[in-house]
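Report on the following structure.
The values are calculated or read from the model by the stated rules, or taken from the named source; none is laboratory data. Nothing here was measured: the structure is a model prediction, and the numbers come from that model. Cβ placement follows ideal geometry from the backbone for every residue including glycine, while neighbour counts extend to all protein chains displayed. Only protein heavy atoms, including side chains, enter the accessible area calculation; ligands, DNA and RNA are left aside. Shrake-Rupley method; radii C 1.70, N 1.55, O 1.52, S 1.80 Å.
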Amino acid sequence: MGFEIPKISYNGAIKEIPLGKESNRITVGGETCYPFHLFEGNMPLPPKIAMEVYDATPEEWPQAALAPFADVVHDPAAWAQKCVASYGAEMIALQLASTDPNAQNTTAEQAVEATKKVAAAIEVPLIVWGCGNVEKDTEVLKRIAEECAGENLILGPVEEDTHKALGAAAIAYQHTIAASTPIDINLAKQLNILLGNLGVPDERIIVDPTVGGLGYGLEYCYSVMERDRMAALTQEDERLQFPILCNLAKEVWKVKEAKLSDEEAPLLGDSTKRGVLLEAMTALLFLLAGGDILIMRHPDAIQLVKGFINDLMGS
Amino acid sequence: MALTGIQIYKLLPKTNCGECGVPTCLAFAMSLAAAKAELAACPYVSEEAKTELADASAPPIRVVEIGTGERKLKIGGETVLFRHEKTFINPTGIAVLVTDEMSDEDVAGRLERFKTLEYERVGLTLRADLFAVKSLSGDAGKFEALVTKVKSQTDGGIILMTEDPGVMEAGLKVCADRKPLIFAATKENAEPMAALAKEHGCPLAVKGDGLDEVSELTTKLTEGGLTDLVIDSGARTIRKAFEDQVFIRRGALLKKYKPLGFPTIALPCEMTDDFMQETLIASMFVAKYGGIVVLSDIQGHSLFPLLLARMNIYTDPQRPMATSPGIYEIGGPNEDSPVLVTSNFSLTYFIVSGEIEASRVPAWLIIVDTEGLSVLTAWAAGKFVGDIVGISLKKSGIMEKVRHKKVVIPGYAAAISGDLEEELGDWEVLVGPRESAHIPAYLKEWKA
Ligand code: B12
Ligand code: SF4
């Protein structure tokens with residue numbers, strides 16, 4: 001008799017989005033099937049991992065996350081270089097956490113300077129991520145867009161409240177946008193429509209659905225991503241046919257269980273391996289749900305996930 | 001799976017006698033199709049129709065039970081491909097491998113970790129479920145001894161792993177009363193294994209080289225009267241194993257293909273030598289359709305993330321877990337103890353109350369009804385705002401229980417402090433830390 005594999009027919013495809021400078025271009029997207037469902041479609045461009053660096057020395061990181069970068073955390077450019085040289089980072093994500101008015105509230109000038117330094121130190125595409133405060137992100141990311149014209153940055157988060165200012169800057173200075181909405185497929189679609197209306201070309205849009213870490217809201221994000229892919233690939237929802245970015249490391253490593261030491265939590269095993277697995281597992285689940293770009297932190301977690309991507313893509 | 005009213009009607013007596021409570025057979029058929037009536041309400045339905053209807057209404061993926069008593073594990077019974085469509089029902093069982101060639105120490109370590117690695121989260125106990133006891137030596141006596149040891153030291157479920165029916169029988173002799181999963185029937189040994197499964201009333205795993213072979217085996221076994229089957233497609237590479245899981249789930253749900261309408265078992269322990277990678281592979285099967293995963297070992301740092309993954313994937317996507325609103329006393333607070341307020345999302349409540357407890361500072365925790373949304377989400381949705389929080393505080397009766405007039409709000413909700421002060425009159429609103437991990441330090445400093 002023989003079992004006939006039930007295949008799903010897709011009628012849509014994810015757009016291919018080129019990132020970074022022409023000399024060192026990385027393209028993401030292009031899927032014509034659900035994640036890793038390679039028996040019925042293609043993933044011509046395997047998912048990519050961006051390693052994060054911070055604009056100021058992180059203060060609350062657990063030892064496990066800090067250790068690999070202890071020698072460079074005070075200098076984002078050196079940090080970025082180490083990620084590329086020692087850990088083979090495919091992209092860098094500069095997190096402008098210190099610009100947060102609730103944190104050090106550093107200025108737009110300082111952020112521009114940090115961005116320029118990092119951009120000069122690496123060849124790979126650079127993601128620049130604001131602090132999430134609407135007013136401050138508008139000011140900071142706009143300045144960065146202007147002063148780093150020609151760098152082909154990926155700027156995020158670009159939210160509904162900031163999309164006009166940042167969308168216009170991205171058009172004028174040729175950057176890519178990470179369109180960010182809070183875990184809601186309709187809001188995601190709406191923002192992509194707004195960006196289109198503003199004149200942002202499709203090949204400059206990446207979608208950030210907002211993510212929570214394992215045990216802290218991951219399931220909502222996982223399902224929104226699955227629904228997003230379903231709409232894009234089987235319902236021809238053209239305004240959702242964009243690659244997905246998951247800014248996950250900062251969510252994973254901020255939770256209590258990622259920070260407890262071996263002594264504080266004997267039932268949670270080795271603190272470094274625990275943190276690595278929390279991060280890698282969060283990343284893997286998002287890959288299975290449709291992630292194209294993962295922003296990650298720990299080199300061991302990244303290595304595990306890269307291996308997994310190869311295994312899922314391989315024969 | 002589900003029959004339409006018309007299809008059911010064809011199987012009914014069509015006499016319209018009305019004894020079932022509705023005037024016509026057609027009306028009764030419609031009620032059945034809508035699951036608003038029980039077939040038993042019609043006294044005249046034929047035996048033949050009964051079997052046919054039962055068959056047609058059987059779930060597309062059979063529910064298989066392993067073990068007995070409190071720790072009985074149910075797998076299968078899934079009805080969707082994506083969790084947002086309806087909820088995944090029976091969480092992936094997590095099994096730990098012990099073999100008869102492991103040192104006593106290795107076995108003891110696994111038994112010990114199986115017992116102690118338990119975690120309370122949102123009011124649930126998270127832990128591993130089963131022991132996979134494997135014969136490597138082929139020696140029936142050794143196997144029997146190991147099964148005896150495992151059985152006596154744990155109340156978890158058991159999987160017996162050997163392809164030698166003689167050895168299997170030795171294991172079953174010891175633990176058949178615990179309803180273990182027999183692993184596995186293959187092309188070579190299907191008959192004697194099926195006989196053992198029947199004799200002892202135990203579920204049987206089927207291991208084939210690919211889905212065609214599996215289908216042939218399950219067909220043969222069901223024809224022989226066995227219904228509680230579990231599938232191992234034989235794939236041991238990540239990509240193939242992932243694809244097989246998708247094929248099996250789709251075959252059962254989209255094609256109603258009966259030979260694959262069973263839960264699956266996956267063996268990350270046979271797919272890699274790297275323990276970290278193995279755990280990650282297990283999480284893939286949690287998301288993508290594994291009924292059971294067998295791991296070479298569990299450690300706190302591997303099991304805890306995996307249990308979180310399982311909890312996340314198997315929660316109801318439509319209804320957040322919520323805690324009832326009101327006053328919660330932590331550590332025996334008195335009239336000078338601090339008052340804190342938070343949302344009624346279960347996760348938030350358990351995290352925050354856990355931190356307050358850890359601080360050892362007795363405190364009052366007021367839970368506001370946010371319809372199960374977390375603090376930030378509720379704030380963004382207008383459900384954790386000044387007037388709502390203020391009214392809940394007043395209604396809770398906390399103001400009569402304390403002498404001071406101070407309430408601590410979550411740091412992420414700092415924006416509501418002005419409105420809340422206005423609502424509360426002469427009470428002072430203190431903005432607490434953002435992350436709950438900082439609550440203990442904060443409470444130790446707190447003064448009435
Ligand atoms: C999962 C999630 C959802 C889920 C809801 C899950 C739930 N049951 O609440 C869904 C998908 C439904 C959702 C919906 C929305 N969401 Co939402 N969501 C999240 C997400 C990813 C995680 C939230 C979570 O579960 N956190 C874990 C819990 C435990 O956190 P918590 O309750 O805040 O508790 C922590 C602290 O506050 C503190 N704490 C708690 N209580 C107390 C008390 C005291 C006294 C102290 C000191 C501390 C303290 O301790 C806890 C641990 O540190 C976050 C983003 C993120 N990564 O955090 C966005 C987020 C909260 N959502 C957001 C938004 C905007 C929304 C929507 C309004 C979107 C929309 N327009 O539809 C809706 C609102 C819901 C509605 N309309 O019904 C925004 C809020 C933006 C803002 N800053 O205001 C966020 C931050 C995402 C973003 N960056 O845009 N969301
Ligand atoms: S009791 Fe049975 S036979 Fe009589 S009307 Fe109902 S369905 Fe028809």
Give the residues of segment B:353-374 that are over 12 Å from B:Pro325 (Cβ atoms) and open to solvent by 20 Å² or more (accessible area, probe 1.4 Å), sorted by residue number.
-> B:Gly354, B:Glu357, B:Ala358, B:Arg360, B:Val361, B:Pro362, B:Leu373, B:Ser374
Has segment A:276-288 got at least one residue that is in contact with a helix residue (DSSP H, G or I) (Cβ under 8 Å, 6 or more places away or on another chain), more than 14 Å from B:Ala309 (Cβ to Cβ), more than 8 Å from chain B (Cβ to nearest Cβ) and at pLDDT 95 or above?
-> no
B:Arg83 passes all but one of the listed conditions (1) more than 20 Å from B:Leu308 (Cβ to Cβ); (2) within 14 Å of chain A (Cβ to nearest Cβ); the exception is number (1)
Matching option when the condition is open to solvent by less than 40 Å² (accessible area, probe 1.4 Å), of a type in the set (A, V, I, L, M, F, W, C) and within 14 Å of another protein chain (Cβ to nearest Cβ), among B:Ile439, B:Ile409 = B:Ile439
Please identify the pairs in which a residue from segment A:197-215 that is more than 14 Å from every other protein chain (Cβ to nearest Cβ) has its Cβ atom under 6 Å from the Cβ atom of a residue that is open to solvent by 10 Å² or more (accessible area, probe 1.4 Å) and assigned to a loop (DSSP other than H, G, I, E, B), counting only partners at least 6 apart or on another chain.
-> A:Asp202/A:Lys15
Among the residues of segment B:251-273, write down those that are assigned to a helix (DSSP H, G or I) and surrounded by fewer than 19 Cβ atoms within 10 Å (Cβ to Cβ).
-> B:Leu254, B:Lys258, B:Glu270
In segment B:38-79, anything more than 29 Å from the chain's Cα centre (by Cα) and open to solvent by 30 Å² or more (accessible area, probe 1.4 Å) is listed as B:Leu39, B:Ala40, B:Ala41, B:Pro43, B:Tyr44, B:Ser46, B:Glu47, B:Glu48, B:Lys50, B:Thr51, B:Glu52
Quick one: is B:Ala29 within 16 Å of ligand 2 (Cβ to nearest atom), among the small types (Gly, Ala, Ser) and surrounded by 15 or more Cβ atoms within 10 Å (Cβ to Cβ)?
-> yes
Residue in segment B:126-138 that is open to solvent by 10 Å² or more (accessible area, probe 1.4 Å), over 29 Å from B:Gly76 (Cα atoms) and acidic (Asp, Glu) present | no
From B:Glu112, B:Glu120, B:Glu78, B:Glu65, which residue is acidic (Asp, Glu), within 14 Å of chain A (Cβ to nearest Cβ) and outside any helix (DSSP H, G or I)?
-> B:Glu120
Quick one: count up the residues across segment B:149-201 that are under 24 Å from the mean Cα position of the chain (by Cα), in a helix (DSSP H, G or I) and of a type in the set (A, V, I, L, M, F, W, C).
-> 1
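Quickly run through segment A:205-242 and pick out the residues that are of a type in the set (D, E, K, R) and out of contact with any helix residue (DSSP H, G or I) (no Cβ under 6 Å at 6 or more places or on another chain).
A:Asp208, A:Arg229, A:Glu236, A:Glu238, listed by residue number.
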Of the residues in segment A:143-200 that are under 18 Å from the mean Cα position of the chain (by Cα) and of a type in the set (Val, Ile, Thr), the one that is surrounded by the fewest Cβ atoms within 10 Å (Cβ to Cβ) is A:Ile183
Set A:Asp300, A:Asp311, A:Asp262: member being over 30 Å from A:Ala170 (Cβ atoms), at the interface with another protein chain (Cβ under 8 Å from one of its Cβ atoms) and without any contact (Cβ under 8 Å) to a residue 24 or more places away in the chain | A:Asp311
Failed item, numbered, when B:Ile298 is tested on (1) touching a helix residue (DSSP H, G or I) at 6+ places or on another chain (Cβ under 6 Å); (2) assigned to a helix (DSSP H, G or I); (3) open to solvent by less than 10 Å² (accessible area, probe 1.4 Å) | (2)
Could you grab me the full set of residues in segment A:34-45 that are surrounded by 15 or more Cβ atoms within 10 Å (Cβ to Cβ), within 24 Å of B:Phe247 (Cβ to Cβ) and within 21 Å of the chain's Cα centre (by Cα)?
-> A:Tyr34, A:Pro35, A:Phe36, A:Met43
Kindly provide the set of residues from segment B:165-216 that are open to solvent by less than 10 Å² (accessible area, probe 1.4 Å) and within 14 Å of another protein chain (Cβ to nearest Cβ), ordered by number.
-> B:Val206, B:Gly208, B:Val214, B:Ser215
Collect the residues in segment A:225-259 that are open to solvent by 20 Å² or more (accessible area, probe 1.4 Å), among the acidic types (Asp, Glu) and within 8 Å of chain B (Cβ to nearest Cβ), keeping them in residue-number order.
-> A:Glu257
Mind checking which pairs have a first residue in segment B:110-123 that is free of Cβ contacts under 8 Å to residues at least 60 places away in the same chain and a second that is surrounded by 17 or more Cβ atoms within 10 Å (Cβ to Cβ), Cβ under 6 Å, 6 or more apart or different chains?
-> B:Glu118/B:Arg127
